[in-house]
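J.: Quick one: the structure is below, questions incoming.
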Amino acid sequence: MSKSLLGKWALGLIAVLFAIGGVGGYSNGAANAAGTASETASVAQPMALTSAPPAESFSVFNPNHLYLDSGTSSISASSGSVTVSGSTTANQVVDSIGVTFYVQKWNGTSWETVGSGSTVGGNQLSVYSNSFGKSVTAGYYYRGRTIHWVIENGVYEEGERFTNSVLGI
């Protein structure tokens with residue numbers, strides 16, 4: 001072979017090795033495929049369609065309630081939905097106890113309630129816990145609003161909680 005033909009052949013071989021990752025990169029196709037898969041997974045995360053809502057977490061519970069002690073709530077996101085979980089605690093066993101769930105969507109300037117509330121509860125309990133799932137649009141921020149309530153001897157007491165926000169996926 002002539003020197004110029006041998007040089008072209010060597011350059012071609014080096015180019016092929018770089019292209020398949022044999023030189024200066026991954027040493028096998030599996031590692032290269034793993035790198036590509038992780039890059040693809042990070043790209044698949046939704047982009048926020050609005051600015052992030054302000055960080056605010058608050059509750060309204062009257063410390064002078066006779067029967068209602070406290071309430072907790074949280075929110076989580078999964079593909080196409082969010083789930084709000086809540087728990088209400090009374091100071092004693094009460095006639096009725098429960099949680100009313102709302103899902104709110106951040107429109108970029110304020111929170112809007114998405115759909116109607118869902119009320120669930122039980123009788124002759126001192127603690128009640130449940131959760132509520134709602135289909136959502138990816139890219140928007142959502143939070144839960146929960147009303148924690150008890151009824152004892154005809155007395156109705158309630159408190160309100162708001163969860164942190166999550167980005168719908």
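Readers should treat all values here as calculations from the given coordinates under stated rules, not as data from a laboratory. Because the structure is a prediction, the values reported are computed rather than measured. No Cβ is skipped: glycine too gets one built from the backbone with ideal geometry, and neighbour counts run over all protein chains shown.
J.: Quick one: if you stick a label point 7 Å off each Cα along the C-beta vector at Y156 and D95, how many nm between them?
T.: 1.2
J.: Please list 82-94, 64-76 highest first by mean number of surrounding beta-carbon atoms within 10 Å per residue.
T.: Per-residue mean Cβ counts within 10 Å order the peptides as 82-94, 64-76.
J.: Could you tell me what % of all Cα pairs in segment 64-165 have separations over 25 Å?
T.: Here the long-distance tail beyond 25 Å is 23 percent of all Cα pairs in segment 64-165.
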